[in-house]
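The values are calculated or read from the model by the stated rules, or taken from the named source; none is laboratory data. On a predicted model such as this, the values are computed, not experimentally measured, just so you know. Every residue, glycine among them, receives a Cβ derived from its backbone with ideal geometry; neighbour counts consider all protein chains shown.
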Amino acid sequence: MTTILSLPDELLAPILHASVPHDCGSRAASLALVCRRFHRLITPLLYRDIHILCNGASWAHRDIRSTKLLHRTFCSNQSLRQHCQSLVIKFGSNWLGSMERHDREDTTPNLGYIAVEFLKWLSNTTELRISFASFSNDTRHELSRAPTLPDLSVLYNQVPKSLTHLRLLQISGKQNAPLDLPTLFRGLECLDSSAYLRTLDLTGVSQIGTEQDWKLMKAKAGTAPFTELKLRHFTQSATALEALVMWPARLEAFHFSLPMSDYYSGNYALTRYNLSIMKAILSHQKASLSHINIHELLSQSGVQDCDLSGFHQLHTLCMSRDLTGIDTIPVANLVAPNLLIFRWDMRLEDQQCSRGLEGFAKLEEDWVRAFAKSSMERKSSLQQIQISFFPEGWFYGDIDKDYQYPWDRMDRLAEEFRTHGINVVYNTPNITKEEFLKLKEEVLNFRASLVSFTE
């Protein structure tokens, strides 16, 4: 009888690898115990995705214990190092519920040295993610202290030296464990355009840095290899952002978001960003930019000072409704000559406010219509308008008895522009029309009763 074990390794290995998702190490471990052959074929998957925690709270964290055991394994069996493709390094944790008390050996203060050694050893890594959780300011708790700038300098300097195949570098900082842009730049400035790095993803860039730092960065303009830049919670100045955008030799994709949550946690950005400032900065890379995604800027909406007609390589543009506003007069500014896809995002990332069912009304419908018509008038290459609308199941704003079902408006837009070669697409409704009409009636009756009561 033919069994799976009768297959040659060339066929069996891909089958086993396909059965183990990247986030399912337990399944790989179980398969490795089936037989010796499975163990040999599955072993690379056991070490494909490495997660380590380098310091935690004052009581030893079980993940710190795992980090030390993994370090011991790589020390004793160097052949396993070649299998790592994705490395996640975490500093700090404040999740008390996941902490366990172990032996005295596990209370060693700081394992930052392990992170540096892993960078030296795991040279086949293509994706590196470094994140910082919340830290205690209590110096009595060695494990809860954030890494110092010299610690981070050593870490960042090791990245280009060892990870020559790295394609993704993602770093996430926190308020009391900031992402220091000058330190990161000094660690990576030796990279040239021939390196493999393609995506630089930074969250929580702090306000650390001087004008001299940005001059040094601008002196290296056009030398970095990455083609995609992702920035979130970027609190530095426009000068720093400009230096960062100018750094790569060819920037093809740019993502930027200062979500509303920045109002409630962390520092404001040193520059009050708006689309005019962003357009001026991105103009340095307009010859290569094909994808721009700007979600929130905490600034007044409007596109009157954001003329993208000079961005001839721009194919995909994503902006939020609160960023563009709904003034139809300057909407043509967003129509780049070769724009193929425009995504209009109605979502709010805000712990205080939510988008209600009234979020896509006549003004929003008219704005999308004006955008499509401007594209037609300019004879652009626009093929698709994407509308992201995921409202809460309630009405937060004013409505009247004539207020229409939002998806009826989107259907109308899709039908109107389909014959012109523009495909208007949107998410499926999260509420049926019957439920919508019933809820609208209930809300109108309730609000009417409140008016009668106050009178």
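Using the structure shown, decide if Ser288 is surrounded by fewer than 19 Cβ atoms within 10 Å (Cβ to Cβ), in contact with an Asp or Glu (Cβ under 6 Å, 6 or more places away or on another chain), of a type in the set (Gly, Ala, Ser) and assigned to a helix (DSSP H, G or I). Spelling it out, it is not the case that Ser288 is surrounded by fewer than 19 Cβ atoms within 10 Å (Cβ to Cβ), in contact with an Asp or Glu (Cβ under 6 Å, 6 or more places away or on another chain), of a type in the set (Gly, Ala, Ser) and assigned to a helix (DSSP H, G or I).
On the stretch given as the stretch 148-177, residues that are more than 17 Å from the chain's Cα centre (by Cα) and in a loop (DSSP other than H, G, I, E, B) total 7. With respect to the conditions (1) surrounded by 19 or more Cβ atoms within 10 Å (Cβ to Cβ); (2) of a type in the set (A, V, I, L, M); (3) more than 24 Å from Leu298 (Cβ to Cβ); (4) touching a Gly at 6+ places or on another chain (Cβ under 8 Å), Met410 falls short on a single one, namely (4). Per the listing Leu241, Leu289, Leu317, Leu229, the residue uniquely farther than 25 Å from Cys190 by Cα and in contact with a helix residue (DSSP H, G or I) (Cβ under 9 Å, 6 or more places away or on another chain) is Leu317. One residue stands out in the stretch 179-236 among those that are among the β-branched types (Val, Ile, Thr) and over 18 Å from the mean Cα position of the chain (by Cα): the one that is farthest from His165 (Cα to Cα), namely Thr210. State whether the residues of the stretch 350-358 include one that is assigned to a helix (DSSP H, G or I) and among the basic types (Lys, Arg). Looking through the stretch 350-358, none of the residues is assigned to a helix (DSSP H, G or I) and among the basic types (Lys, Arg). Condition (residue is within 28 Å of the chain's Cα centre (by Cα), of a type in the set (Gly, Ala, Ser) and either modelled with pLDDT of 90 or more or in a loop (DSSP other than H, G, I, E, B) (or both)) applied to the stretch 361-377: is it met by at least one residue? Taking every residue of the stretch 361-377 in turn, none turns out to be within 28 Å of the chain's Cα centre (by Cα), of a type in the set (Gly, Ala, Ser) and either modelled with pLDDT of 90 or more or in a loop (DSSP other than H, G, I, E, B) (or both).
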